1. Scan region 315-335 for residues that are closer than 13 Å to PHE210 by Cβ and either of a type in the set (Gly, Ala, Ser) or surrounded by 15 or more Cβ atoms within 10 Å (Cβ to Cβ) (or both) and jot them down.
2. Looking at (1) closer than 27 Å to LEU755 by Cα; (2) part of a helix (DSSP H, G or I); (3) out of contact with any Ser or Thr (no Cβ under 7 Å at 6 or more places or on another chain); (4) open to solvent by less than 50 Å² (accessible area, probe 1.4 Å), which is the one condition that is false for ILE802?
3. In region 169-215, which residue that is acidic (Asp, Glu) and more than 28 Å from ASP285 (Cβ to Cβ) is farthest from the chain's Cα centre (by Cα)?
4. Restricting to region 831-845, what's the tally of residues that are closer than 23 Å to MET794 by Cβ and open to solvent by less than 60 Å² (accessible area, probe 1.4 Å)?
5. Are any residues in region 1-31 exposed (fewer than 15 other Cβ atoms within 10 Å of the Cβ) and among the aliphatic types (A, V, I, L, M), and if so, which ones?
6. Working only within region 63-93, note down all residues that are crowded, with 16+ Cβ neighbours inside 10 Å and free of Cβ contacts under 8 Å to residues at least 24 places away in the same chain.
7. From LEU828, LEU870, LEU821, which residue is out of contact with any Lys or Arg (no Cβ under 9 Å at 6 or more places or on another chain), surrounded by 12 or more Cβ atoms within 10 Å (Cβ to Cβ) and assigned to a helix (DSSP H, G or I)?
Amino acid sequence: MSVSANFDFNTKERSWYQYWLENNFFESTPDERKPYTIVIPPPNVTGVLHMGHMLNNTIQDVIIRRARMQGYNACWVPGTDHASIATEAKVVAKLKSEGINKEDLNREEFLEHAWEWTHKHGGIILEQLKRLGASCDWSREAFTMDEARSESVIKVFIDLFNKGKVYRGYRMVNWDPEAKTTLSDEEVIHKDVNAKLYYIKYKIEGENDFLTIATTRPETIFGDTAICINPDDERHKHLKGKRAIVPVANRSIPIIEDDYVSLEFGTGCLKVTPAHDVNDKSIGDRHGLEVIDALNADGTLNSFGLHYEGKDRFTVRKEIAKELEQLQQLEKVEDYATSVGTSERTGAVIEPRLSDQWFLKMKEIAEPALTSVMNDEVQLIPEKFKNTYRHWMENVHDWNISRQLWWGHQIPAYYYGDAKDDFVVAETAEEALELARAKSGKNLTAADLTQDKDVLDTWFSSWLWPISVFDGIRNPDNEDIKYYYPTQDLVTAPEILFFWVARMIIAGYEYRKEKPFSNVYLTGIVRDKQGRKMSKSLGNSPDPIELMEKYSTDGVRVGMLLTSPAGNDLPFDEDLCGQGRNFSNKIWNALRLVKGWEVTDAPQDEAAASAIEWFGEKLKHTLVSLEDSYSKYRISEALMTTYKLVWDDFCSWFLEAVKPGYQQPIDSKTYAAIIQYFEEICVLLHPFMPFITEEVWHLLNDRKEGESVSLQSWPEQATADENLLADFDQAAAVVNGIRNIRASKNISFKDQIELQAASSAAVPERFEKLIIKLGNLSSLKLDGIIEGAGYSIMAGNHELFIPAGDTMDVEAEVEKVTKDLEYQKGFLNSVMKKLSNERFVNNAPAAVIEGERKKQADAEAKIKALEERLSVLG
């Protein structure tokens, strides 16, 4: 068969993926087989593929493709997340570019634009995942705001409210002035910054004296409602019971006492601003202080800010410092290292803000999720993340689940009066009206009800993902949820371990009374060669689609996985994709070589027979190693094991051992074995490199329509003949020694040479013919007689000899052997130092001691052989 010079991956990848889809290879329905389920971490609906997605989804695809080949009913559920904050921000920006402000639209009008944007840009990333080769069951595609998921979210909110676990409270929350919404504590990223500490003088009312406070936020003085001192602070006893005047605002405020104020830090006087600091709010509650909110939702000052009204908080910070200086009420300004909270989504500096919000009580509901991870019922991989998980879960706060946005699941709370409790929670407005009438005792109408304007936190929908994708909330006893749940593996990033993973576990125990998955594989962050996180702003993140078009999808998948141990960051280098492409080329060239041979019914030669026997045992040995790596989720290690099997064992050794002489045919028995092994290699490689393996597998044999390597059975494990493998390793060492002599002494491979061995043990009998073939030997003497001029080879502990006659440079050979001897003596000396160290011998594991003793024996044997060789050379 004639095989093209190159694998046309850009064409073939698309055609093979279409073939898989047309034959429904990825679709799954419940049957008698054991399920293997993975739910995709849903990417943002309007997002595009980045390197993190590439890594995460390649790992998932490797796992699910292998499970499918192992005979499981493999189901990988795809979908997208509505991403409230990110999507709304994009829609607002798009409208702004068209001269439309969100504030000029009502909710329904804005949502029309949001859905239009979603339909236009949504789903792009899923098409890109198909380009990656993702073998998802696309018939099960879900979206966190589709009908099934939306109804599930609303049902869960109502259920938790009725259980008393969801409540409405007036609390200090994290406010994002850019997105104009609250954030949960977990969505706040704390960053170290170099700030300024402003020492501001407050005049004591009725006196000419001043007190000094230190603050990093002078713009908040408009919200000051007290000055607080520690009752035990001797420095400020004279201030007790007095009042102070707020600079610029010229408001009189009381001086109060509270032991919250540190005696050691700052001036000992604290400005209390209950509306803008969580600790100040606590002080204010204890002392009944007025609450003055001086900031608007967008971070500008309101009317309480007087002449600074409408100006941004950071602008006011600079300007008020100048005004205080002019008023001679700014004592000094110091550099100050501190930490500020920033929005995970927008990067804006968070403002503490008092607001009516919805919360979920977390302490009790989180306990089963903590226990399951600590007991390894849910296993975190790598295990090092258990401590982080435990810390979060043991210190969990109530979850602020409401967001001041329009894009998302609108909270199903309906208000009918002005009192705090004048609301009901219901799935529909009709049901809400009935409940409101019953609760109020009034004959209310639909016009009397107003639904809560806020939406639920995006995570409040995605925490149900493993359940809701199988409709397990609306229909808890349906066939799918009973069959596919709990799922097997979750592949995600450590930074959302609490945001998403922990909450899914919580939801699993709350609504299914069991874990949502068994294993959580935590990937690292993809970084560039300088160790920087890849990002658009740094311009260091390559376009995954462009990489796939340049290096092939298989090449990029291999490149991504070559250095991606679980939980550790991936130092990505584009050269790795080149390495992956070169691997594809190696496989393709092996196919071209094999398909270029003429096959006859000639008898099989011994060299080929021994190579076939060896490679069969090598496959068994490799399968055991692969199973160990896969079971420990060492995906990168499994790839490297497979890579070496193909490149080193199959291509470099096996095909070299069985290939016929130049322009000679190959016997049919050997050829059949080659094709069989090549097919098995395609099976082992397929999870990593789905496209080229499908193409090669189809070219190796005649196939019927509907057949696929993706449906072939994963090879069963069997015990390998380790003695045979050890014999081959010795034979390979002999062949490598011959090749090295040929290369270093410029002896052409076309020229046959003689090989002598000091002992018959140097050449395993079953591989004699193979050594003769691969070494192109004219003769192989195993009588132990080594004499005359020639070149020495050390293969393991055994010496072999290639006679050279008069052509040999004896002096150069003596120099080489002497140098080798000196090295071996030095090596033996270092080993003996270890073995003579009582502390080492008494404390090292037995296997380590045994290893050192083997090194000693090997070195001693090599020294003996080299010394004998020197004596022969004279």
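1. Quick first cut of region 315-335, residues closer than 13 Å to PHE210 by Cβ only: 324, 327-331.
Across region 315-335, the qualifying residues are LEU324, GLN329, LEU330, GLU331.
2. Of (1) closer than 27 Å to LEU755 by Cα; (2) part of a helix (DSSP H, G or I); (3) out of contact with any Ser or Thr (no Cβ under 7 Å at 6 or more places or on another chain); (4) open to solvent by less than 50 Å² (accessible area, probe 1.4 Å), only one is false for ILE802: (2).
3. GLU207
4. 2
5. Matches in region 1-31: MET1, ALA5, LEU21.
6. The answer is VAL92, and nothing else.
7. Going through LEU828, LEU870, LEU821 in turn, the sole match is LEU870.
Rundown of residues vs (1) in contact (Cβ under 8 Å) with a residue 12 or more places away in the chain; (2) over 30 Å from GLU377 (Cβ atoms), yes/no style:
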| residue | (1), (2) |
| --- | --- |
| GLY508 | yes, no |
| THR523 | yes, no |
| LYS533 | no, yes |
| ARG557 | yes, yes |
| GLY578 | yes, yes |
| LYS586 | yes, yes |
| GLU598 | yes, yes |
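The values are calculated or read from the model by the stated rules, or taken from the named source; none is laboratory data. For clarity, every value in this text was computed on a predicted model and none was experimentally measured. Glycine also receives a Cβ, built like all others from the backbone with ideal geometry; neighbour counts cover every protein chain displayed. With ligands, DNA and RNA removed, areas are computed over all heavy atoms of the protein, side chains included. Shrake-Rupley method; radii C 1.70, N 1.55, O 1.52, S 1.80 Å.
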